[in-house]
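Undergrad: Once you've had a glance at the structure underneath, I'll fire off some questions.
Every read-out reported here was derived from the displayed coordinates using simple, explicitly stated rules and does not represent laboratory data. Fair warning: this is a prediction, and the values are worked out from it, not measured in the lab. Glycine gets a Cβ as well: all are built from the backbone with ideal geometry, and neighbour counts include every protein chain shown.
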Amino acid sequence: MTTPETTHRFQAEVSQVLHLVIHSLYSNKEIFLRELVSNASDALDKLRFRALTETGLALGDAALEIRLIPDEKAGTLTLEDDGIGMTEAELVEHLGTIAHSGSRAFLDALQKQGEQKKDLTLIGQFGVGFYSAYLVADRVEVISRAAGSAEAHRWKSEAKDTFTVEPAERATRGTSVILHLRPEHQEFLTGWRLRELVRRYSDFVSHPIRLRVEKKTGEGDDAKTELDFETINRASALWQRSKSEITDEQYDELYRHLTHDQAKPLARTHFQIEGTQQFSGLLYLPQSTDRDMFQVEGKKGIRLFVKRVFIMEDCEELIAPWLRFVRGVVDSDDLPLNVSREILQDSAAVRAIKRQVTKKVLDLLDEVAKERVDDYAAFFRAHGPILKSGLATDYDHRERLGALLRYQSSYTVEHADENAGLTSLEQYVSRMKEGQEAIYYVVGESLKALSGSPHLEALRQRNYEVIYMTDPVDEWAADGLREFSGKPLVSAMRADLKLQESEEEKKTKEEAKGSLGPLLSAMHEILKENVREVRVSDRLTDSPACLVVGEGGSNAFLERVLKERGHATPKQKRIFEINPKHPLIEKMRSIHAKEAASGEVISWTEMLYDQALLTEGSALDDPQRFAKRVAELLTVAAAGKS
Ligand code: ADP
């Protein structure tokens, strides 16, 4: 009987990945073992989880292990696992035809690197780790039998453009990956090399990794060589061991296994909680670099284990959404093994775990913020927007979150060497001037746009520091925080600035209001389609006018961001403030007093309004009109020169 072998073409992007792997000059080929062991370990985890709920899969005493079988004569290294296995369709899909979105991303990432330096360590990060087998093998066979099925299949490929799949034999459930090693990679058949690699890369794997060894027994005529298996990893979950027994490298390898992130973690916290809920946790903060890459296919969130049994990936119920950059493991002793998403969602036990987890992560963030200022600044630049979203949604943690915020400000711009160019609110408060009652901020696209903003003039005159917020979530977060250390956060762009004023200042303002009354009404009449009110400003010293946000309104920056992202925003009328001390305003007042219907008052008012829009970075309703008026004014000015 001939076996019905079917030939399939690799999906184009997979072909490209394979081509790259095979022709790679990359010297660190040993990473293939880590990737394949990682897949085997995942397959065992998945099986154990499914066996909890599928009666047909009861595991009994079945071994759940990974076996390494070197065969020097045949030149093959086989990795066997007793895991979930793959059906025929899964073999075709997972190992060839359907490229994970990661294949393209992986190719793009490599494209950016120089020819000699292509760093294939990335491979696992993009969900294409299996293909690293071709770093050392020119031919790979995968024999797999899916859990609960009686059939097995063999996948085979020399990584040209095609692979084949055919029926095969496998006594039990699981997967065997057979690597036909290239002659120059026979070192991966030696016991010491395999032991070394497992210790280095896979020691955290909680399933036993067993190496097939030859044992010689008896002497002389009785001498025999027996085959035996020897466990070469610790096979205990890393997070269950005591900290003193774990090296940094082991912690880092677990992180890499969990996240597929090639960079080292920024920091970690490893803890055991005893109490109403007994559990252990090992949580990591990722670094800041390559955030996009990290998000491509990087495994997400926290993995939940119950009594060492893997339950689920990305368990959102265990951590606040504003800490969703955290990666790691939580292993509970008390949750039921058959816990489902529904149970998790309204379980008091889970909420208790979440509280502790959140506290531990905040402690870790505090520690990094305090002790590693530069690292924290880089971290905050990358993940700050996520963290800040907690201020608007989580009242309980406001204070601790407030202490973790970092901003640029009028102070940091001049002291870029301090504190990695950022300030905390605590530092801001310590620099507050006498009589200063609030923490002031402005919101906009960029430092450059903000530092020249007319809204800052009165604050600057008083020597008050102003925080520059350039992240769209910033003002929302500031509204959530409301105050820090008893000092309110106040937007210098909002109507109610409430600066302390001297009696003298108050008096001048009142007088100005009186004498400017008719002009203010006239200006409002001219601009009434666009502004809610025209009034005398107490925040301007040099500029003639600016726009401020009224009660309950949103700032112009946020409106622009929302609009760019395709959200319809109703046109909001803001308040137009004018500077009573500005010579132009004074001139307009006297022209208006003489001739209420003066064309100059109309055209100058519209120009001032357009100019205020420009300084805050907004688009003009009618740029042509503005350009025409500027030209007219220049012509008049030029005529005055001759
Ligand atoms: P990733 O593991 O990141 O998804 P891989 O290229 O390493 O990417 O593997 C692709 C898929 O093939 C896996 O997601 C899994 O479904 C399947 N797979 C690989 N190895 C095994 C194995 N030993 N047992 C069961 N399934 C496997």
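Undergrad: So which lysines pass the test for LYS29, namely a Cα distance under 16 Å, with those fewer than 8 places away in the same chain ruled out?
TA: Excluding near neighbours in sequence, the set is LYS117, LYS118.
Undergrad: With each pseudo-label sitting 7 Å past Cα toward Cβ, what's the GLU525-THR172 distance in nm, one decimal?
TA: For GLU525 paired with THR172, the spin-label model returns 9.4 nm.
Undergrad: Further question: Could you tell me the distance between the Cα centroids of the range 248-269 and the range 303-330, to the nearest Å?
TA: 15
Undergrad: Under the 0.36 nm per residue contour assumption, what length would be gained going from the current alpha-carbon distance of LYS641 and LEU337 to full extension?
TA: 100.6 nm
Undergrad: Shifting gears a bit: Would you kindly calculate the translational diffusion coefficient of the range 465-541, applying Stokes-Einstein with the Kirkwood radius from alpha carbon pairs, for 4 °C and a viscosity of 1.567 mPa s, and quote it in µm² s⁻¹ without decimals?
TA: The diffusion coefficient I find is 85 µm²/s.
Undergrad: Compute the whole-percent fraction of alpha carbon pairs in the range 238-371 spaced more than 19 Å apart.
TA: Numbers: 4255 of 8911 pairs.
Beyond 19 Å sits 48 percent of the P(r) for the range 238-371.
Undergrad: Between the range 13-60 and the range 409-477, what is the separation of their alpha carbon centroids in Å?
TA: Taking the Cα centre of the range 409-477 as reference, the centre of the range 13-60 is 50 Å away.
Undergrad: Can you tell which of LEU520, MET86, GLN345 lies farthest toward the positive end of the dipole of the chain, using +1 and -1 charges on the Cβ of basic and acidic side chains (Lys, Arg; Asp, Glu)?
TA: Toward the positive end, the furthest listed residue is LEU520.
Undergrad: Sticking with this structure for a sec: Using a ≥ b ≥ c from the Cα gyration tensor of the range 1-68 (square roots of the eigenvalues), is it rounded, prolate or oblate, where a/c under 1.5 gives rounded and otherwise the larger of a/b and b/c decides, a/b for prolate?
TA: Because a/c hits 1.5 or more and a/b fails to exceed b/c, the range 1-68 counts as oblate.
Undergrad: Let me ask you something else. Hey, what number do you get for the chain at 222 nm if only DSSP H runs of n ≥ 4 count, each worth -39500 (n - 2.57), divided across all residues, to the nearest 500?
TA: -12000 deg cm²/dmol
Undergrad: Now, a different point. Starting from the Cα of ASP471, step 7 Å along the direction of its Cβ; do the same at ASP252; then give the gap between the two resulting points in nm.
TA: Reported label-point gap for ASP471 and ASP252 is 2.7 nm.
Undergrad: Semi-axes of the range 6-231's equivalent ellipsoid from the Cα gyration tensor, sqrt of 5 times each eigenvalue, largest first, rounded to whole Å?
TA: Rounded to whole Å, the semi-axes are 28, 23, 17.
Undergrad: Counting other C-beta atoms within 10 Å, which of CYS546, CYS315 has the fewest, and how do the rest follow?
TA: Ordered by Cβ neighbours within 10 Å, fewest first: CYS315, CYS546.
Undergrad: Defining a contact as two alpha carbons under 8 Å apart and six or more residues distant in sequence, what relative contact order in percent does the chain show?
TA: Dividing the mean separation by the residue count of the chain yields 9 percent.
Undergrad: Could you pull out every one of the lysines with an alpha carbon less than 17 Å from that of LYS307, ignoring same-chain neighbours closer than 8 positions?
TA: Within the straight-line cut-off, LYS307 pairs with LYS46.
Undergrad: Test of understanding: what is the full-extension gain from ASP396 to ARG241, defined as 0.36 nm times their sequence separation minus their Cα-Cα distance?
TA: Values: separation 155, 0.36 × 155 = 55.80 nm, distance 3.28 nm.
Gain on extension, ASP396 to ARG241, equals 52.5 nm.
Undergrad: Over the residues of the range 204-265, compute the C-alpha Rg and express it relative to 2.2 N^0.38 Å.
TA: Computed over Cα atoms of the range 204-265, the ratio equals 1.69.
Undergrad: Loop-only check: which GluC sites (Glu not before Pro) in the range 366-444 are DSSP coil with at most 11 other Cβ within 10 angstrom?
TA: On the way: sites: GLU367, GLU371, GLU399, GLU414, GLU418, GLU426, GLU434, GLU437; in loops: GLU418, GLU434, GLU437.
Here the sparse-neighbourhood loop sites are GLU434.
Undergrad: In units of 2.2 N^0.38 Å, what is the alpha-carbon radius of gyration of the range 598-642?
TA: 1.25
Undergrad: What list do you get for GLU158, GLU595 if you sort them by fewest beta carbons within 10 Å?
TA: On the way: GLU158 16, GLU595 11.
So the ranking, lowest neighbour count to highest, is GLU595, GLU158.
Undergrad: Counting only Cα, what are the radius of gyration and maximum Cα-Cα distance Dmax of the range 377-491, in Å?
TA: Cα-based Rg and Dmax for the range 377-491 come out at 13.2, 37 Å.
Undergrad: How many nm is it between the label spots at SER347 and GLU595, if each spot is 7 Å from the Cα in line with the beta carbon?
TA: Here the modelled spin labels are 8.1 nm apart.
Undergrad: Now, a different point. Using 20 Å as the cut-off for backbone N distance, which residues of the range 245-271 belong to the label zone defined by a point 7 Å from the Cα of VAL373 along Cα→Cβ?
TA: It comes to 267, nothing else.
Undergrad: Here's something else I'd like to know. Report the far tail of the P(r) of the range 484-602, meaning the percent of Cα-Cα pairs longer than 18 Å.
TA: 59
Undergrad: In nm, what is the difference between 0.36 nm times the number of residues separating ARG182 and ARG139 and their Cα-Cα distance?
TA: 14.6 nm
Undergrad: While we're here: With charges only on Cβ, +1 for K and R and -1 for D and E, what is the dipole size of the chain about its Cα centre, in debye, rounded to 20?
TA: 1060
Undergrad: Taking the beta-carbon count within 10 Å as an exposure proxy, list GLU342, GLU577, GLU316 from fewest neighbours to most.
TA: On the way: GLU342 8, GLU577 26, GLU316 16.
Arranged by neighbour count, lowest to highest, GLU342, GLU577, GLU316 become GLU342, GLU316, GLU577.
Undergrad: Please report, to one decimal in angstroms, the Kirkwood hydrodynamic radius of the chain built from all distinct Cα-Cα pairs.
TA: Roughly 29.6 Å, rounded to one decimal.
Undergrad: How big is the gap, in Å, between the Cα center of the range 380-399 and the Cα center of the range 519-565?
TA: 29
Undergrad: Evaluated at 10 °C with a viscosity of 1.306 mPa s, what Stokes-Einstein diffusion coefficient in µm²/s does the range 144-188 have when Rh comes from the Kirkwood expression over alpha-carbon pairs?
TA: 129
Undergrad: Within the chain, which complete DSSP H helices have Cα atoms spanning at least 18 Å along the helix axis and a mean Kyte-Doolittle hydropathy of 0.0 or higher?
TA: 31-53, 373-393, 599-615, 623-641
Undergrad: Treat every Asp and Glu Cβ in the range 238-371 as -1 and every Lys and Arg Cβ as +1, leave all other atoms uncharged, and give the resulting dipole magnitude about the Cα centre to the nearest 20 debye.
TA: With only Lys, Arg, Asp and Glu charged at Cβ, the dipole is about 180 debye.
Undergrad: Same structure again: May I ask you to derive the FRET efficiency for LYS359 and LEU447 from their Cβ-Cβ distance with R0 = 30 Å, giving the value to the nearest 0.05?
TA: The value I calculate is 0.30.
Undergrad: Scattering from the C-alpha atoms of the range 458-500 alone, worked out with Debye: what is log10 I(q)/I(0) at q = 0.19, 0.20, 0.31, 0.34 1/Å?
TA: Those come out to -0.66, -0.73, -1.32, -1.32, one per q.
Undergrad: In addition: R0 = 45 Å: FRET efficiency of THR164 with GLU316, Cβ-based, nearest 0.05?
TA: E between THR164 and GLU316, to the nearest 0.05, is 0.65.
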